[in-house]
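Structure record follows, encoded as structure tokens.
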Amino acid sequence: MSFEDLIRDIYQNIQQLEDRGETASYIPELSRIDPSNFGVHISTIHGDQFGIGNCYDKFSIQSISKVLSLILAYRILDHKIWDRVGVEPSGTAFNSLFQLEADQGVPRNPFLNAGAIVVSDILLSHLKHPKADFIDFVRTISNNTTIDYSSRIAQSEKEVGYRNVALCNYIKSFGQINNEPSDVLDFYYDLCSLEMSTKDLSELFLFLAHDGRDIASNKRILNERQSKRINALMQTCGFYDESGEFAFKVGLPGKSGVGGGIIAIHPDQYSIAVWSPKLNKKGNSYKGMKFLEAFTTRSELSLF
């Protein structure tokens, strides 16, 4: 069975499931999204593409953007970035303060809110025009000039981001934030507000299935070592305290966002993106997780 037939069949099966999730209502703008949206798109390193459902509708990718900000900071600092953020799974919620005291303000990994805030601080220190430079970077590596921030979503997050304020100030108290917390958080909210479709996402992340090289031009975005480590971090830390279950059931590097999106990578094969706004209790897309589990099981294509 081809990818197209397989995706269509699984999509129809998952579409009929009772969606037991809830939208991310703690961010007001995300609670206004139609919860019935469901889109899937795959891009392969051989140039094949297929999408179904709401695969062309843009949505807020939220924490998926943390991979992109990490990649840019990694290009700037290379291995020195790991002096600022760790590489271990947390076993705690994405906005937890629990481990910061024990680790002297160094976040356990870059995909926790605390870790992404530190990465934002790094970019703020090294980019002349952080907001403009970051979106230019994303547009360049995606070959897509339509990708942009959502000021509406960024403002919505800022208005309710008390926990992130606490995280940033707490990290600052350990000397692990160099810029003003308010500036770091403004940039962080912009990062999380990026909007894309599942088609945009699968095309953008395909370079991680191609040893860090852009498929169209063969230009390097990351070297092979860096690409391997980004994939490893997505495998072990991409789903917060559900990362182990995603590895167990899906078996691919991936990253989720509370906007309901998931991106997953099969090295040397494909990049696949799923979007369904209702989240499970761990904050990951309910239908997205179900779809990817069925997809790797039936295709017999995973890392394990």
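Laboratory data are not the source of any read-out in this text; all were calculated from the coordinates shown. As the structure is a computational prediction, the values presented were derived from the model and not from experiment. Counting neighbours? That spans all protein chains shown, and the Cβs are built from the backbone with ideal geometry, glycine included.
Annotations
- Per residue, the chain reaches -13500 deg cm²/dmol at 222 nm when only DSSP H runs of four or more residues are counted, each adding -39500 (n - 2.57).
- Only Cα pairs under 8 Å and 6+ residues apart enter the sum, and on that basis the relative contact order of segment 63-192 stands at 31 percent.
- Segment Asp136-Glu224, extension gain: residue separation times 0.36 nm, minus the distance between their alpha carbons: 29.4 nm
- Overall form of segment 63-143 per C-alpha gyration tensor (a/c, 1.5; a/b vs b/c): prolate
- Counting only lysines at least 8 places from Lys199 when in the same chain, those with an alpha carbon closer than 17 Å to its own are Lys58, Lys255.
- Distance from the C-alpha centroid of segment 165-242 to that of segment 38-109: 4 Å, rounded to the whole angstrom.
- Note: relative contact order over segment 1-152, using C-alpha pairs below 8 Å and six or more positions apart, is 15 percent.
- Set of aspartates and glutamates near Lys158 by C-alpha distance (under 13 Å), chain-local residues within fewer than 8 positions excluded: Glu29, Asp183, Asp186, Asp190
- A straight Cα-to-Cα reach below 14 Å connects Lys281 with the aspartates and glutamates Asp19, Glu22, Asp241, Glu242, Glu245, residues fewer than 8 places away in its own chain not being considered.
- Hull volume per residue, based on the alpha-carbon atoms of segment 130-239 and their convex hull, is 139 Å³.
- Over segment 163-215: Kirkwood hydrodynamic radius from C-alpha pairwise inverse distances, Å: 13.6 Å
- A P(r) calculated from all alpha carbon pairs of segment 17-168, with 10 Å bins opening at zero, reads 9, 32, 36, 21, 3 percent.
- R0 of 22 Å, Cβ-Cβ distance Asp9-Asp241: FRET efficiency to nearest 0.05: 0.10
- Descending semi-axes in Å of segment 1-54, equivalent ellipsoid built from Cα gyration tensor: 27, 15, 7
- Normalised Debye scattering of the chain at q = 0.06, 0.12 Å⁻¹ gives log10 I(q)/I(0) of -0.17, -0.71, counting only Cα atoms as equal scatterers and leaving out solvent.
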